[in-house]
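No lab work stands behind these numbers, since they all come straight from the coordinates. The shown structure was predicted, so the numbers you read here are calculated from the model rather than taken from an experiment. Here the Cβ positions follow ideal geometry from the backbone for every residue, glycine too, while neighbour counts run over all protein chains shown.
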Amino acid sequence: MTPSLPGLRFRLLGFPVTIGVDFLLITLIIGLGARPGVGILEWVVVVAVSLLIHELGHAFALSMYNIHPEIRLWGMGGLTISGFVLPPRKSILVSLAGPLVGIPVAIAVMVVKPWLPASSPVTDAASDLIFVNLWWGILNLLPIAGLDGGSVVTNLFVVALGLRGKRPGLVMVAVASAVIAIGATFVGFFYLTIVVFFFGLFNPEPYLTVWQLASGGPGGQRAAGTTPSKGAWAGPTVESRSNSGADRQGGEGRGGGRQPVVMVAAESRRAFGEALAETMPGGTGEAASMDLDELERRPAPLLPDVIGMVANRDDPAVAARLATETDPLAVFGIVTRVVEARRVSQLLGVLRRDQTGDRIPALLKLQVGLHALGRFEDSMAAASMLGRSGGARSAALEARSAARAGDRKRAAAALERALELGPVRLSDAALGDIARLGPDRRIADLLARLRSSTSPN
């Protein structure tokens, strides 16, 4: 089950929220045995409210860094999707914020409960609030892959040892998760075993790291702070959008560190969708008629196969997956995974050597995604590899990236190529990007010629 399933969508305290139908069904099944009749509805509401409280803790912590995340309840838990790779210390604070909000709520209800009427629906709801908030908060503090505790342990190793601490941190989380699952099975606490398995399935990097060490393969060491935590789809991952600049952890390759890493915030989705529709009209099936409002609202797929490919450094598999993917939101997710894992240069290298029909669509999608994520130099590198085969729209997007990077010469050259390959109509967003360069006679002349080439006779 993935967050792509239908669900209830609304805003809570300014944050977009989606409650998936899979979450509601699983919560209903868990409560069926002990809560007959109307009590099952109270249970579902209490669990949803409790997990929302937990995820709001993550969301408000991220908002302290000017990041505006999304909240999603799905499967057996929740996600706070941010879109940023935070530095390890900030990532630890964001991960701890969820349990440190939920547990005090449980304590507060404990204090109030003695004053409530005995054996009433309100008392039953209070008991469930205490149980769920306390249980979920403590569970998330355990060093389990995919939960807040696992993210905290990994980032503590990075804080103590630098980037070389990421790998032992992941190994520690994998071992701890296995021990907890085995111990829970022996004592008959099978629900905890299922939780470890479920979240590990969508957060395989710790286990892949152990497998690589055991098999003698290369250790897939990703950027500090990029492991998707339970609180982020990529999580406080690099998960929401841009902040003031203190958290720019950018990257390898050209332009790394110039822009923050963005992931799936509504505004980032819209920017990506607009650029994709302009660059590949009809090329992905959905791009030409893309509903940008729907693109903002729709839950993003988790892409566990891509997570595994990137963690295992299987760049050819990622390239093939990118070429064949038709869902715009999934395309954006794939590119974001590549950026957060600092595999852009490697993926570009694979595509440079690719002589199959997948090369052009993969490069076009990569160019658009990198531009939307603020990786303008990398986006221009993809455009250069495309050359004339990318067409006028790819050249126009290259001009936008060059303008955002402040490169007048590159922007003018890209506009000239677009004019040669055209006609192409520049959107208001594209013109706004190019206007960032300020007055420039050569660029103004090229823009006038582009408008003339696309105007009706």
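Here are some notes:
- Stokes-Einstein diffusion of region 266-454 at 10 °C, 1.306 mPa s viscosity, Kirkwood radius from Cα pairs, rounded to a whole number: 96 µm²/s.
- Among 394-400, 426-432, 437-443, the order from most to least packed when residues are scored by Cβ within 10 Å on average: 394-400, 426-432, 437-443
- Net charge dipole size for region 306-457 [Lys, Arg +1 and Asp, Glu -1 on Cβ; Debye, nearest 20]: 340 debye
- Placing unit charges on the Cβ atoms only, positive for Lys and Arg and negative for Asp and Glu, gives region 377-440 a dipole magnitude near 80 debye about its Cα centre.
- When the convex hull of its Cα atoms is viewed from all sides, region 7-215 shows a mean projected area of 13.1 nm².
- Translational D in µm²/s for region 46-166 (Stokes-Einstein at 10 °C, 1.306 mPa s, Kirkwood Rh from C-alpha pairs): 104 µm²/s
- In the calculated pair-distance distribution of region 325-422, the portion above 23 angstrom amounts to 20 percent of the Cα-Cα pairs.
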